[in-house]
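Trainee: The structure is given below, and queries will be raised subsequently.
The values are calculated or read from the model by the stated rules, or taken from the named source; none is laboratory data. This structure is a prediction, so every number in the text was calculated from the model and none was measured. We place every Cβ from the backbone using ideal geometry, glycine too, and count neighbours over all the protein chains shown.
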Amino acid sequence: MTNTVLRADQVSVELNGQPLIAPFSAEIRRAERVALTGMSGSGKTTLLGILSGMYPADSGTVWLFDQPVSPLTQQAIRQKIAYLPQQIPPLDMQVDTYLERLRSFKLNQATATTPPDICQPQALLAALGLEPETLQQRMADISGGQRQRIGLAGCLQLNRPFLFADEPTSALDADSKQRVFALLEQLGCTLLSVSHDPDMVAFCNQHWHIENQQLQVLAHG
């Protein structure tokens, strides 16, 4: 297995038949952290979905963990990634129930291994600055920033090697963001994050930027 965990080979993105992102090639190595920036409507979230294997590319090939993304490889690839959406809904269920339901999905059960202690829900909440009592609160009753951290905890409890995240710090204050960064660094997972947050960009060691339908690699650590 190579050290490259994601490779985009002449991948392009279209919207309603119109070019959104011109063909580009790029790669992400194991344990790298990549920030994906661009103006609203530039295609960041769509590209995140394509690179994570959720949607097919309009042209080119996406490789994840040495496998081309296709219907034949999709299940095996999904066992190695976690995806954090931009919005975590204010569900009418307790936080501990929400986390348990994520763990109980068939795909997550099929690939379950004993996660490190830091990936246990109580430890994740503590690392993210949330009180233990948060587990007994309803998702609908906690703040947007708390839900954002709970959503992140839901992904990290799966102990997947690659996290795709859409604006994971948009509702967080400075202290909460630093807790998120410290936890991600401790876990050492590969990260591709859509973000408008300059602190997230500074935390990452690659910076991809979409402008005028072109994806540019602005920094590489």
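Trainee: For segment 24-38, name all the residues that are out of contact with any Leu (no Cβ under 8 Å at 6 or more places or on another chain) and not in a loop (DSSP other than H, G, I, E, B).
Mentor: Pass one, segment 24-38, residues out of contact with any Leu (no Cβ under 8 Å at 6 or more places or on another chain): 25, 29-31, 35, 37-38.
Once the filter is applied, which keeps residues that are out of contact with any Leu (no Cβ under 8 Å at 6 or more places or on another chain) and not in a loop (DSSP other than H, G, I, E, B), segment 24-38 yields 25, 29, 35, 37, 38.
Trainee: Report yes if residue 21 is of a type in the set (A, V, I, L, M, F, W, C), assigned to a helix (DSSP H, G or I) and either over 22 Å from residue 183 (Cα atoms) or touching a residue at least 60 places away in the same chain (Cβ under 8 Å) (or both), otherwise no. Quick ask: steps written out before the conclusion?
Mentor: Values: of a type in the set (A, V, I, L, M, F, W, C): yes; assigned to a helix (DSSP H, G or I): no; either over 22 Å from residue 183 (Cα atoms) or touching a residue at least 60 places away in the same chain (Cβ under 8 Å) (or both): yes.
Judged against the criteria, residue 21 is not a match.
Trainee: Would you mind telling me which numbered condition in (1) touching a strand residue (DSSP E or B) at 6+ places or on another chain (Cβ under 8 Å); (2) loosely packed, with under 15 Cβ neighbours inside 10 Å; (3) outside any loop (DSSP other than H, G, I, E, B) residue 92 fails?
Mentor: (3)
Trainee: Okay, next question. Looking at 32, 100, 27, which is the one that is over 18 Å from residue 190 (Cβ atoms) and acidic (Asp, Glu)?
Mentor: 100
Trainee: Another question, if that's okay. Please state which of the following conditions residue 175 fails to meet, knowing it meets all the rest: (1) without any contact (Cβ under 8 Å) to a residue 24 or more places away in the chain; (2) surrounded by fewer than 22 Cβ atoms within 10 Å (Cβ to Cβ).
Mentor: Among (1) without any contact (Cβ under 8 Å) to a residue 24 or more places away in the chain; (2) surrounded by fewer than 22 Cβ atoms within 10 Å (Cβ to Cβ), the lone unmet condition for residue 175 is (1).
Trainee: Just wondering, is there one or more residues in segment 145-156 that are surrounded by fewer than 14 Cβ atoms within 10 Å (Cβ to Cβ) and not hydrophobic (A, V, I, L, M, F, W, C)?
Mentor: no
Trainee: Residues that are under 17 Å from the mean Cα position of the chain (by Cα) and either at positive phi or not aliphatic (A, V, I, L, M) (or both): which helices (runs of 4 or more DSSP H) entirely in segment 102-221 hold 2 or more of them?
Mentor: Ranges flagged: 144-156, 174-187, 198-203.
Trainee: Would you confirm whether any residue within segment 24-43 is without any contact (Cβ under 8 Å) to a residue 12 or more places away in the chain and surrounded by fewer than 18 Cβ atoms within 10 Å (Cβ to Cβ)?
Mentor: Yes, some residue in segment 24-43 is without any contact (Cβ under 8 Å) to a residue 12 or more places away in the chain and surrounded by fewer than 18 Cβ atoms within 10 Å (Cβ to Cβ).
Yes or no, residue by residue, for (1) touching a Lys or Arg at 6+ places or on another chain (Cβ under 7 Å); (2) of a type in the set (Ser, Thr, Tyr); (3) modelled with pLDDT under 95:
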| position | (1), (2), (3) |
| --- | --- |
| 29 | no, no, no |
| 41 | no, no, yes |
| 45 | no, yes, no |
| 67 | no, no, no |
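Trainee: Further question on the same structure: Of these, 55, 83, 98, which one is out of contact with any Leu (no Cβ under 7 Å at 6 or more places or on another chain), touching a residue at least 12 places away in the same chain (Cβ under 8 Å) and either closer than 25 Å to residue 204 by Cβ or assigned to a helix (DSSP H, G or I) (or both)?
Mentor: Values: 55 fails: touching a residue at least 12 places away in the same chain (Cβ under 8 Å); 98 fails: out of contact with any Leu (no Cβ under 7 Å at 6 or more places or on another chain).
Among 55, 83, 98, only 83 is out of contact with any Leu (no Cβ under 7 Å at 6 or more places or on another chain), touching a residue at least 12 places away in the same chain (Cβ under 8 Å) and either closer than 25 Å to residue 204 by Cβ or assigned to a helix (DSSP H, G or I) (or both).
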